[in-house]
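The block underneath contains the structure these notes are about, expressed in structure tokens.
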Amino acid sequence: VLCQGGEVSVTFAVNDLCNSASITRTFIINAPAAVAVDGPADFEASACQFADQAELDAEFAAWIGAFAVTEGGCGVTTPDLSTFAAPVLCQGGEVSVTFAVNDLCTSASITRTFNITAPAALVVNKPADYAADATEFADQDAIDAAFAAWLNGFSVSGGCDPMGDYGTPAAPTLCGGTTNVTYNVTDLCENKSLSASFTINSPNELVISKPDDLNASACTYADQDELNDAFAAWLAEFDVSGGFDPVG
């Protein structure tokens, strides 16, 4: 039997009127070894382990290249594995590969999986827009401290080692202003930007009041004391309001 092999021994014996003769010969078929296959171990990794899709594709190509026929080989037919592709890096997923082989007499198959775990969703946080009156702060150092604490409200989590940056923004001055901060986040699979503002409202407008210019004759006054009183009353009309605790 073709796939079992075996040996047939044939004796050819001849007799005639005076003598006889014979010859023996054998016909041997060696059975083929059963076909056998081998393949890589199941593969599982996080998407974060790869720099990009190209690196993942290279890992997958090396993995799928480990499928092979290890024994047999009598008209072996192997499957075309080029139709398989690696999972999409940022989506993750599993690819199951069955390496099935047939030869003249036997068949064998092996199934392995290649699994990529998608990264956790990228979460970017920002502080609420901030606004306060300058009069709530003792000095510029107090505003700077409040601004630094407010900047701590920018944060990022998830993804694959995301990097967040808002540059080197400076707080508004004690005299008022707005600083707009944009937080730029870069990650393996996502890029995001969020903006928020920090506002210091300037104090009330500084208003200075003054008396009208005075031009009078000395004859208007009875004496120096009366002139001094008039001058003091005129000086008292200088005044200041608004601003940030103005001193006149």
Sorting A33, A51, Q91 by the position of each Cα along the dipole of segment 3-118 (Lys, Arg +1; Asp, Glu -1; all at Cβ), the one nearest the positive end of that ordering is A33
Heavy-atom accessible area of E237, protein chains in place, probe 1.4 angstrom, given in Å² to nearest 10, is 100
Cα convex hull volume per residue for segment 131-248, in Å³, equals 113
So, relative contact order of segment 64-104 in percent, Cα under 8 Å, 6 or more apart, is 53
Normalised Cα Rg of segment 68-202, dividing by 2.2 N^0.38 Å with N its residue count, works out at 2.03
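Per residue, what volume in Å³ does the convex hull of the Cα atoms of the chain enclose? If you can, show how the numbers build up before the last one.
Values: hull volume 31.6 nm³, N = 248.
About 127 Å³ per residue, rounded to a whole number.
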Measure of exposure for K126: accessible area at 1.4 Å probe, Å² rounded to 10, is 100
Pseudo-spin-label distance A21 to A62, built 7 Å along Cα→Cβ, given in nm, is 7.0
On each of the three principal axes the extent of the alpha-carbon atoms of segment 12-101, given in whole Å and largest first, is 93, 19, 16
The Rg/Rh figure for segment 1-52, Cα atoms and Kirkwood Rh, to two decimals is 1.69
Taking the reciprocal of mean 1/r across every pair of different Cα atoms in segment 182-228, the Kirkwood radius in Å is 18.0
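Between A148 and A222, how high is the FRET efficiency from 1/(1 + (r/R0)^6) when r is the Cβ-Cβ distance and R₀ = 45 Å? Nearest 0.05.
Details: r = 65 Å, r/R0 = 1.44.
For R0 = 45 Å, the calculated efficiency reads 0.10.
Could you check how many percent of all C-alpha pairs in segment 71-129 are farther apart than 17 Å? Mind dumping the intermediate values first?
Details: 1022 of 1711 pairs.
So the portion of pairs separated by more than 17 Å is 60 percent.
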With -39,500 (n - 2.57) per DSSP H segment of 4 or more residues and division by the full residue count of the chain, the 222 nm estimate, nearest 500 deg cm²/dmol, is -4500 deg cm²/dmol
Applying a 4.7 angstrom Cβ cut-off across the chain, unpaired cysteine residues come out as C18, C74, C175, C219
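The values are calculated or read from the model by the stated rules, or taken from the named source; none is laboratory data. Computed from a predicted structure; not experimentally measured. Cβ atoms come from the backbone with ideal geometry, glycine included; neighbour counts cover every protein chain shown. Accessible surface is based on the protein model in full, side chains and every heavy atom, while ligands, DNA and RNA are left aside. Shrake-Rupley method; radii C 1.70, N 1.55, O 1.52, S 1.80 Å.
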